Amino acid sequence: MGKIRKILVANRGEIAIRVMRTCQELGISTVAVFSEADRSALHVRQANQAHCVGPPPSRESYLAQDRILQAAKQSGADAIHPGYGFLSENASFVRACDQAGLVFIGPPASAMDAMGEKTRARTHMIKAGVPVVPGTAEPIATLEEARVTAQKIGFPIMLKAAGGGGGKGMRRVEALPELDSAWRAARSEALSSFGNDAVYIEKYLEQPHHVEIQVFADAQGNTIHLNERECSAQRRHQKVIEETPSPILNPKLRAAMGEVAVKAARSVGYVGAGTVEFLVDVHRNFYFLEMNTRLQVEHPVTEWVTGQDLVAWQIKVAEGEKLPFLEPLHPRGHAIEARVYAEDPARGFLPSPGKITYLRVPGGPNVRDDGGVYAGYTVPSFYDPMISKLSVWAPTRPEAISRMKRALSEYVVKGITTNLRYLLAVMDAPEFVAGDYDTGFLGRAHQALLGTEDPRLREVALMASAVYRHQQDRARAAQVQAPRGTATPRRWRRFPGRPRS
Ligand code: MV4
């Protein structure tokens, strides 16, 4: 492993830009790949070179391993950074990179294999002495076995797809009579989502928190953690707000979780940046949930409090360098991230692709916008509608919340609908402000967060529109009253008509 000179970023949007920014600082040349829907995307403009890898559907472009590898070869890249999503956790792609002599900036394929399937990961973790949610390590073969096992564990239980993730193929079961139909539903959803109908059982944890630990390992066997991120503010398994430190951890619990996360990573021979996800129950017991073998969307909050560039260290570790920040690391202050989506909260968070006609991105002290769009850009409908991640840092949590509210209120996106107002409402939600919100928070607060329209604002809007119309009409009328005898088009003389937009 030597110095990397050129990196192909096998991704799009904000994360592709994020990775390229660090490459540029390190003097590393960048290659973008793009689909036909992304010709005018910002990540293409950020890169030193760009290769079209296929039609809009991800399967034929960003997920097409051969086309990505071909672009890497043609461009003379010596490494591939996968970002998150797409090919980032695909062990067969890692092997294909290895075979092509390309450095994959991420963990070895064997670590991905170990963590990819939930039941296999649970088996590894139990062996390593990592606490997992009580339940089975192996898939359940028959409905009869499910009945016996569920009764032994005690209801409520959770059926989970072995191949799964993201809440698919997951069913909560309150009591024995419901097991039959839940079993069938979980299996068929698991099969259609993951091509694998294997299902296992866990004890159901009521109102857990989702807390994850950032880990980092180098190829020399040094493994450390960089504290936690609180990610309980999710809706439908999509994170909306992330923060660090978690308001529910104390130093002792943090140290215990960090130690366990490092143990988990070491046990699978992990190298690079990874995240160990835990569920934390009401008694503050914590249980391994899964490991994400990639850089996470929410890594900026960890960068804020540690002052480190995680992408830079991914690259250095891939070059064979030792980790520089062997513990103790002393994270400072508080950071919050809000995900800005092109979606309409009032219409069930329906994606709202389309042309951005005006964009004002917030700035000022300790505000960071990881964006992937620009004014005049059309957000395509083919991909995830996240357009930016807004993150802030402050010495304390209340100050970080104030700063986030200030930054959100500066944000202006016209032409498409965004969740910006919803994000502001989250910052004002009593549960969030109190700092004790579990994974059910956004669901419970749903109506309050959508807010009600202020009738006075409706009146103001009507008046403004009447004034605007009046001015337009006067302007047109002035044009109509052209000097006598000039050749004013006949249609103008009758009535100015509606202003054309
Ligand atoms: C659970 C759980 C309660 N008990 N497992 C949802 C996504 C998947 N990765 C794990 N999930 C859950 N697993 C047991 N045994 C509750 C959830 C859960 C959840 C977890 C993390 C973040 C948000 C969540 C929202 C709803 C349910």
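The values are calculated or read from the model by the stated rules, or taken from the named source; none is laboratory data. Being a predicted model, the structure only gives us computed values, none of them experimental. Backbone-built Cβ (ideal geometry, glycine too); neighbour counts: all protein chains shown.
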Fill in: Members of segment 129-148 found to be crowded, with 16+ Cβ neighbours inside 10 Å and either of a type in the set (Gly, Ala, Ser) or within 19 Å of ALA198 (Cα to Cα) (or both), listed by number
VAL132, VAL133, GLY135, THR136, ALA137, PRO139, ILE140, ALA146
Discussion item. Just to be sure I understand the filter: pairs with C-beta atoms under 6 Å, separated by 6 or more residues or on different chains, first member in segment 76-104 and within 14 Å of GLN65 (Cα to Cα), second member assigned to a helix (DSSP H, G or I) and of a type in the set (D, E, K, R). Which pairs pass?
Written reply: ALA91/ASP113
Discussion item. Would you confirm, using the coordinates I've provided, whether ALA190 is buried (at least 16 other Cβ atoms within 10 Å of the Cβ), more than 23 Å from the chain's Cα centre (by Cα), assigned to a helix (DSSP H, G or I) and within 16 Å of the ligand (Cβ to nearest atom)?
Written reply: no
Practice prompt. Residues being modelled with pLDDT of 95 or more and touching a helix residue (DSSP H, G or I) at 6+ places or on another chain (Cβ under 7 Å): count how many of those fall in segment 110-119.
Written response: 4
Worksheet item: Just a yes or no: is a residue in segment 288-295 part of a strand (DSSP E or B), away from the ligand (no atom under 16 Å from the Cβ) and surrounded by 22 or more Cβ atoms within 10 Å (Cβ to Cβ)?
Response: no
Discussion item. Taking the criterion of being aliphatic (A, V, I, L, M), assigned to a helix (DSSP H, G or I) and either over 19 Å from GLY129 (Cα atoms) or within 12 Å of the ligand (Cβ to nearest atom) (or both), would at least one residue in segment 301-308 satisfy it?
Written reply: yes
Practice prompt. Kindly indicate the residue of segment 193-223 that is assigned to a strand (DSSP E or B) and touching an Asp or Glu at 6+ places or on another chain (Cβ under 8 Å) and also nearest to the ligand (Cβ to nearest atom) among those meeting that condition.
Written response: HIS210
Worksheet item: Which of the residues belonging to segment 224-270 are in contact (Cβ under 8 Å) with a residue 60 or more places away in the chain, assigned to a loop (DSSP other than H, G, I, E, B) and in contact with an Asp or Glu (Cβ under 7 Å, 6 or more places away or on another chain)?
Response: PRO245, PRO247, ILE248
Discussion item. So the check is Cβ under 6 Å with 6+ separation or different chains; which pairs have a first residue in segment 156-172 that's among the hydrophobic types (A, V, I, L, M, F, W, C) and a second one that's within 8 Å of the ligand (Cβ to nearest atom)?
Written reply: ILE157/TYR204; MET158/ARG172; MET158/GLU202; MET158/TYR204; MET170/LYS160
Fill in: Among the residues listed as ALA466, ALA478, the single one being over 25 Å from ARG229 (Cβ atoms), among the small types (Gly, Ala, Ser), modelled with pLDDT of 90 or more and over 41 Å from the mean Cα position of the chain (by Cα)
ALA466
